[in-house]
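> Once you've had a glance at the structure underneath, I'll fire off some questions.
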Amino acid sequence: MKELIFKNIEQTNSPYISISMRANFLDWLTENKEAYAKGPGLFCTAHILLMLAMVILCIALIIIAYRFPKFAKKFGAVLVVVMLVLRIARMITMVASGKYTFVEILPWHLCHITCFLLAIVYFIKPTKYISLPVLCMAVLGGTMTFIFGDYYYINSVSFYMIESIFLHFCLNAIVICYVASRKPKYNWIDILLVFVWLGVMCGWSSLGNFCDPGHNYMYIQKSGLPFTFFPSAHFLLDYLIIGLILISLSLIVYLMMFLIKKHKKKT
């Protein structure tokens, strides 16, 4: 059964499909790194433009979603469905190519796990003990991957890259649509649930690292960052510092929104 789909494609005798076309398609579909030259790496021009595009799209979506909450609810639902279809398609092609085992395609990474949990939150509407941590992890994973995710290691854009970029954009966009259309209410103390869930996710990813030796799921065995603040310190300190920076930025945004609302009430 292994590689059956791809063998059928390769053995196609259609006069309209050349051998090179079939090979190029499979290289693109399964991201055959050997078929492409090395890319420019992190923080190249394409990376910077991609981050700017994500910021602009998210800001535009926030404005539109809050003005038209009914549209936001439907648009978010569409994003969830497309995100899941593409992710499942990716998992199927990975196994069918014969380059990955069934264990490897399971959701071990934070964003991979969160995309399925986010669908549950969006359509089933669970309690805040599930929804808040999932929403926060979605934003965390989506944002961090756009900043530090290396989509530029080859000089081409494969199906896996397109799917991954779309998924990480959706993690942020779906949260925006959810908050704008549902207007959930949480207390500051509820933020502790996020840390509990992150601990659970680390435990799950540790199981993946145990079952599939040699991998670094959720980057808990070695740093997934392209830099370190303190070379002699443990890499988890870098994660802690970045986490504190993100929390501080979130508090600043919340404070600004609070002051704006307070000013509007006075006027």
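> Would you confirm whether or not segment 40-58 contains a residue that is touching a helix residue (DSSP H, G or I) at 6+ places or on another chain (Cβ under 7 Å), more than 26 Å from Asn155 (Cβ to Cβ) and assigned to a helix (DSSP H, G or I)?
yes
> Would you check which residues across segment 143-173 are at pLDDT below 90, under 23 Å from Thr93 (Cα atoms) and in contact with a His (Cβ under 9 Å, 6 or more places away or on another chain) and list them?
Thr145, Gly149, Asp150, Tyr151, Tyr152
> Just one of (1) assigned to a helix (DSSP H, G or I); (2) touching a residue at least 40 places away in the same chain (Cβ under 8 Å) trips up Lys99, so point out which.
(1)
Yes/no per residue for (1) surrounded by fewer than 17 Cβ atoms within 10 Å (Cβ to Cβ); (2) hydroxyl-bearing (Ser, Thr, Tyr); (3) under 15 Å from Leu171 (Cα atoms):
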| residue | (1), (2), (3) |
| --- | --- |
| Asn24 | yes, no, no |
| Val55 | yes, no, yes |
| Lys70 | yes, no, no |
| Leu79 | no, no, yes |
| Thr93 | no, yes, no |
| Cys115 | no, no, yes |
| Lys125 | yes, no, no |
| Leu135 | no, no, yes |
| Ala138 | no, no, yes |
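> Quickly run through segment 102-113 and pick out the residues that are surrounded by fewer than 18 Cβ atoms within 10 Å (Cβ to Cβ) and assigned to a helix (DSSP H, G or I).
Of the residues in segment 102-113, the ones surrounded by fewer than 18 Cβ atoms within 10 Å (Cβ to Cβ) are 102-106.
Answer for segment 102-113, where residues must be surrounded by fewer than 18 Cβ atoms within 10 Å (Cβ to Cβ) and assigned to a helix (DSSP H, G or I): Phe102, Val103, Glu104, Ile105.
> Right, something else. Mind telling me which of the residues Ile165, Ile191, Ile130, Ile147 ends up being open to solvent by 20 Å² or more (accessible area, probe 1.4 Å), free of Cβ contacts under 8 Å to residues at least 40 places away in the same chain and assigned to a helix (DSSP H, G or I)? Explain how you work it out, then say what you get.
Working: Ile165 fails: free of Cβ contacts under 8 Å to residues at least 40 places away in the same chain; Ile191 fails: free of Cβ contacts under 8 Å to residues at least 40 places away in the same chain; Ile147 fails: free of Cβ contacts under 8 Å to residues at least 40 places away in the same chain.
Being open to solvent by 20 Å² or more (accessible area, probe 1.4 Å), free of Cβ contacts under 8 Å to residues at least 40 places away in the same chain and assigned to a helix (DSSP H, G or I) holds for just one of Ile165, Ile191, Ile130, Ile147, which is Ile130.
The values are calculated or read from the model by the stated rules, or taken from the named source; none is laboratory data. Bear in mind the structure is a predicted one, so any value in this text is a computation, not a measurement. Reconstructed Cβ throughout: ideal geometry from the backbone, glycine too, with neighbour counts over all protein chains shown. Surface areas here come from the heavy atoms of the whole protein model, side chains and all, with no ligands, DNA or RNA. Shrake-Rupley method; radii C 1.70, N 1.55, O 1.52, S 1.80 Å.
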